[in-house]
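The values are calculated or read from the model by the stated rules, or taken from the named source; none is laboratory data. Everything numeric in this text was worked out from a predicted model, so none of it was measured. Here Cβ is always computed from backbone atoms with ideal geometry, including for glycine, and neighbour counts include all displayed protein chains. For accessibility, only protein heavy atoms count, side chains too; no ligands or nucleic acids. Shrake-Rupley method; radii C 1.70, N 1.55, O 1.52, S 1.80 Å.
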Amino acid sequence: TRGDGSVGEDVSANLRTVRAIPLRLRAAGGKPPRLLEVRGEVYMPRAGFEAFNERARERGERTLANPRNGAAGSLRQLDPAITKKRKLSFFAYAIGVVEGGTIPDTHSATLQKLRDWGFPVSHEVGTAKGFKGLLAYYRRIGEKRDSLPFDIDGVVYKLDDYEGQREMGFVSRAPRWAIAHK
């Protein structure tokens, strides 16, 4: 989990129950690195959230407030069997540590490499150029928002070029090369 930004809770046993997360990487597109830290988000699809709450109401149990809290609480369960019943999913969105291999020079190419290795990446990911391109992407996602099978807060714009990201750096713990638009 994110924890304090450096150390989080070990939810590895629960993550193994999320079917979308590959337990072995495919070698499509080249051999994966020896060590690969994949960053992403575990989420509860809307259908799973509704089904969970319907079962809870039938049993007179507490319902979940929203899919985001449902996913977070599911990952923190002490019993992985409970997590497995929650029908969680996952989207990869970045790479952290890489040892014994290389990654592409751009974020978009890295996301494709993650797909090649078997990680799910949202189909809504795209690239845009310039201010008008960013707004067009934001509007397109906004039009689809209610029909997506998962909840979103908005979009995150990231500079695609890793060299440019390194040049821009960070402020506190936030990157200068990424911004959320909600």
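Quick notes on this structure:
- Helix 130-144 vs. the chain, principal-axis angle (Cα, 0 to 90°, nearest 10): 20 degrees
- Global geometry of region 58-106, whether rounded, prolate or oblate, following the gyration tensor of its Cα atoms and the 1.5 cut on a/c: prolate
- Among residues other than P104 with Cβ under 13 Å from its Cβ, the summed charge is -3 (Lys and Arg +1, Asp and Glu -1).
- Scalar couplings 3J(HN,Hα) for region 71-76, obtained by applying the Karplus form with A = 6.51, B = -1.76, C = 1.60 to θ = phi - 60°, are 5, 4, x, 5, 5, 8 Hz; x denotes Gly and Pro.
- Mean separation of Cα contacts under 8 Å, 6 or more apart, over the residue count of the chain: relative contact order %: 24 percent
- Annotation: amide H-H contacts under 5 Å for Y43 (H modelled 1.01 Å from N, sequence separation of 5 or more, or interchain): S89, F90, F91.
- Dividing the summed -39500 (n - 2.57) terms of all DSSP H runs of n ≥ 4 by the residue count of the chain sets its mean residue ellipticity at 222 nm at -10000 deg cm²/dmol.
- For R86, the amide hydrogen comes within under 5 Å of no other amide hydrogen, counting only partners 5 or more places away or on other chains and with H modelled in the peptide plane.
- Listed values for region 90-106 are Karplus-derived 3J(HN,Hα) couplings in whole Hz (6.51 cos²θ - 1.76 cosθ + 1.60, θ = phi - 60°), namely 8, 10, 7, 9, 6, 10, x, 6, 9, 10, x, x, 10, 10, x, 7, 10, and x replaces Gly and Pro.
- Average 1/r across all pairs of distinct alpha carbons in region 41-85, invert it, and you get the Kirkwood radius: 10.7 Å.
- Per-residue ³J(HN,Hα) for region 33-46, Karplus 6.51 cos²θ - 1.76 cosθ + 1.60, θ = phi - 60°, Hz, x for Gly and Pro: x, 4, 10, 9, 9, 9, 9, x, 9, 7, 9, 9, x, 4
- Between the amide H of D161 and those of H107, distances stay under 5 Å, these residues lying 5 or more places away or on another chain, with hydrogens modeled in the peptide plane.
- When a 1.4 Å probe is rolled over the protein heavy atoms, the share of accessible surface on the chain that falls to carbon and sulfur comes to 52 percent.
- Global form of region 55-146, assessed from the alpha-carbon gyration tensor, a/c cut-off 1.5: oblate
- Take the Cα of A13, go 7 Å toward its beta carbon, and the backbone nitrogen atoms of region 62-93 under 16 Å from that spot belong to 74-85.
- Gained length - R140 relative to D79, 0.36 nm times residue gap less alpha-carbon distance: 18.0 nm
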